[in-house]
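Student: One structure, as structure tokens, below. Some questions next.
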Amino acid sequence: MKRALVLFLFLAFPLAADDCAELTHLGALYELRALMMKTYTSSYDINRFVDRKVDDLREPLGDGDYRWVRWVRPSGDGPVDKEGHTVLAVHERETPDVFEATGTRVFSVRIAVPRKRSLLKDNKPIYVGDVTITADGEQKEHTIGRWMNPDTSQTFDLSGIARRVAVRIEAATSSRNRREALVEVQMLQALTEDDPANPNYGAIRSLKRIREEAGSTVVDAEIASLERHLFPAGESIPILTLIADLRRADQLIRSEKVEDQDKGNRLLKETFARLR
């Protein structure tokens, strides 16, 4: 249905090639409007539609990546993927524990000894030896070679944002602290950012705005703005707002209160007046 509508608009109005993305944008908004016109549509349904549409407009490549998504380092705190290991080996008496962890879209690796190993239990010192970091197939060896107390860490920055990272560390603790010392490998991950070069960048931003504040007036406003640009001679009709007012008028008219009935009749007349 959406393709047929877009084809009709393309044939009926003389548009430049650059307007094709805007027609795709308008088609997505029309689909969303049709969904919101149904009485049983929930906010979950709207968010799911928007998420799927945004996903399509980013052009997924089938391997978790997108043609029009960039990965960037966060300016502040970003997502951290943590994996922990409770150390058993006793330093200088047993072979160190070998702990391995993996992550995706990583720009830094942090070896950390948390302040606590559980909600109620304090952590214990850990001796960390060699650290091997393999980022997108390129392996680098590091040596910490020291005791790390709770609430301390050491960070290794990567040369860029690695698609896949594997970390291998050697760790041990004292005999009295075995099974009571936790070490973590923390992967500092990049954030996704929509590429402004995407022809559908405007549509994605519009759909994101709608997701943040889904409502009839918001969708009507997005459609009106785009229709005025594409078809300056036409007049946009706020369909969702009109339907919402008609439903509200009907609800008031059905009330047992005379005051509500009067409000409903006035709203009904005002709504029909806007259609003339």
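The values are calculated or read from the model by the stated rules, or taken from the named source; none is laboratory data. Here the structure is a predicted model, which is why all the values come from computation and not from measurement. Cβ coordinates were reconstructed from backbone atoms using ideal geometry, including for glycine residues, and neighbour counts include every protein chain displayed. Ligands, DNA and RNA are stripped out before the accessible areas are found, and what is left, the full protein with its side chains, is counted by its heavy atoms. Shrake-Rupley method; radii C 1.70, N 1.55, O 1.52, S 1.80 Å.
Student: Could you check the range 79-89 and list, in sequence order, the residues that are surrounded by fewer than 15 Cβ atoms within 10 Å (Cβ to Cβ) and in a loop (DSSP other than H, G, I, E, B)?
Tutor: Selection gives Pro79, Leu88.
Student: Condition check: closer than 21 Å to Met37 by Cα, assigned to a helix (DSSP H, G or I) and either modelled with pLDDT of 90 or more or not polar (S, T, N, Q) (or both). Does Ile237 satisfy that? Can you show your working first?
Tutor: On the way: closer than 21 Å to Met37 by Cα: yes; assigned to a helix (DSSP H, G or I): no; either modelled with pLDDT of 90 or more or not polar (S, T, N, Q) (or both): yes.
Taking the combined requirement at face value, the residue does not satisfy it.
Student: Which pairs turn up if I take residues in the range 19-35 that are farther than 13 Å from Ile204 by Cα and look for partners that are of a type in the set (S, T, N, Q) and surrounded by fewer than 20 Cβ atoms within 10 Å (Cβ to Cβ) with beta carbon separation below 6 Å, at least 6 apart in sequence or on another chain?
Tutor: The qualifying pairs are Leu35/Thr41.
Student: Out of everything in the range 212-229 that is at pLDDT below 90 and over 11 Å from Met36 (Cβ atoms), what residue ends up being most open to solvent (accessible area, probe 1.4 Å)?
Tutor: Among them, the one singled out is Glu212.
Student: Based on this model, can you work out whether Leu230 counts as in contact (Cβ under 8 Å) with a residue 40 or more places away in the chain and either within 28 Å of the chain's Cα centre (by Cα) or under 25 Å from Glu83 (Cβ atoms) (or both)?
Tutor: no
Student: Further, regarding this structure: Could you list, in sequence order, the residues of the range 31-74 that are over 28 Å from Ile237 (Cα atoms), loosely packed, with under 12 Cβ neighbours inside 10 Å and at pLDDT below 90?
Tutor: Residues of the range 31-74 over 28 Å from Ile237 (Cα atoms): 55, 58-74.
In the following step, the residues that additionally are loosely packed, with under 12 Cβ neighbours inside 10 Å were identified as 61-64, 67.
Of everything in the range 31-74, those that are over 28 Å from Ile237 (Cα atoms), loosely packed, with under 12 Cβ neighbours inside 10 Å and at pLDDT below 90 turn out to be Gly62, Asp63, Gly64.
Student: Residues of the range 116-133 being within 24 Å of Pro79 (Cβ to Cβ) and either in contact (Cβ under 8 Å) with a residue 40 or more places away in the chain or exposed (fewer than 12 other Cβ atoms within 10 Å of the Cβ) (or both), which ones?
Tutor: Taking the range 116-133 as the starting set, the residues that turn out to be within 24 Å of Pro79 (Cβ to Cβ) are 116-119, 123, 128, 131-133.
Answer for the range 116-133, where residues must be within 24 Å of Pro79 (Cβ to Cβ) and either in contact (Cβ under 8 Å) with a residue 40 or more places away in the chain or exposed (fewer than 12 other Cβ atoms within 10 Å of the Cβ) (or both): Arg117, Ser118, Leu119, Asn123, Val128.
Student: Could you tell me whether any residue of the range 192-199 is without any contact (Cβ under 8 Å) to a residue 24 or more places away in the chain, over 30 Å from Trp147 (Cβ atoms) and either open to solvent by less than 50 Å² (accessible area, probe 1.4 Å) or polar (S, T, N, Q) (or both)? Give the derivation first.
Tutor: Residues of the range 192-199 without any contact (Cβ under 8 Å) to a residue 24 or more places away in the chain: 196.
Imposing the further condition that a residue be over 30 Å from Trp147 (Cβ atoms) reduces the set to 196.
Filter once more, so that each one left must be either open to solvent by less than 50 Å² (accessible area, probe 1.4 Å) or polar (S, T, N, Q) (or both): none.
No - not one qualifying residue is present in the range 192-199.
Student: Against the definition (of a type in the set (D, E, K, R) and either within 29 Å of the chain's Cα centre (by Cα) or at pLDDT 95 or above (or both)), how does Arg163 come out, yes or no? Talk me through it step by step, then tell me what you get.
Tutor: Numbers: of a type in the set (D, E, K, R): yes; either within 29 Å of the chain's Cα centre (by Cα) or at pLDDT 95 or above (or both): yes.
Considered against the rule, which asks whether it is of a type in the set (D, E, K, R) and either within 29 Å of the chain's Cα centre (by Cα) or at pLDDT 95 or above (or both), Arg163 comes out as yes.
Student: Test each condition in (1) touching a residue at least 24 places away in the same chain (Cβ under 8 Å); (2) open to solvent by less than 70 Å² (accessible area, probe 1.4 Å) for Ser236 and report the one that comes out false.
Tutor: Among (1) touching a residue at least 24 places away in the same chain (Cβ under 8 Å); (2) open to solvent by less than 70 Å² (accessible area, probe 1.4 Å), Ser236 violates only (1).
Table: residues versus (1) of a type in the set (Lys, Arg); (2) crowded, with 18+ Cβ neighbours inside 10 Å; (3) under 30 Å from Met36 (Cβ atoms); (4) in contact with a Lys or Arg (Cβ under 7 Å, 6 or more places away or on another chain).
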{"position": "Gln139", "(1), (2), (3), (4)": "no, no, no, no"}
{"position": "Asp151", "(1), (2), (3), (4)": "no, no, no, yes"}
{"position": "Ser159", "(1), (2), (3), (4)": "no, no, no, no"}
{"position": "Ala171", "(1), (2), (3), (4)": "no, yes, no, no"}
{"position": "Leu182", "(1), (2), (3), (4)": "no, yes, no, yes"}
{"position": "Gln189", "(1), (2), (3), (4)": "no, yes, no, yes"}
{"position": "Ser206", "(1), (2), (3), (4)": "no, yes, yes, no"}
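Student: Let me ask something else. Contact list please: Cβ distance under 6 Å, first residue in the range 134-153 and part of a loop (DSSP other than H, G, I, E, B), second residue open to solvent by 100 Å² or more (accessible area, probe 1.4 Å) and basic (Lys, Arg), pairs at least six apart or on different chains.
Tutor: As it stands, the answer is Pro150/Arg115; Asp151/Arg115, since those pairs meet every condition given.
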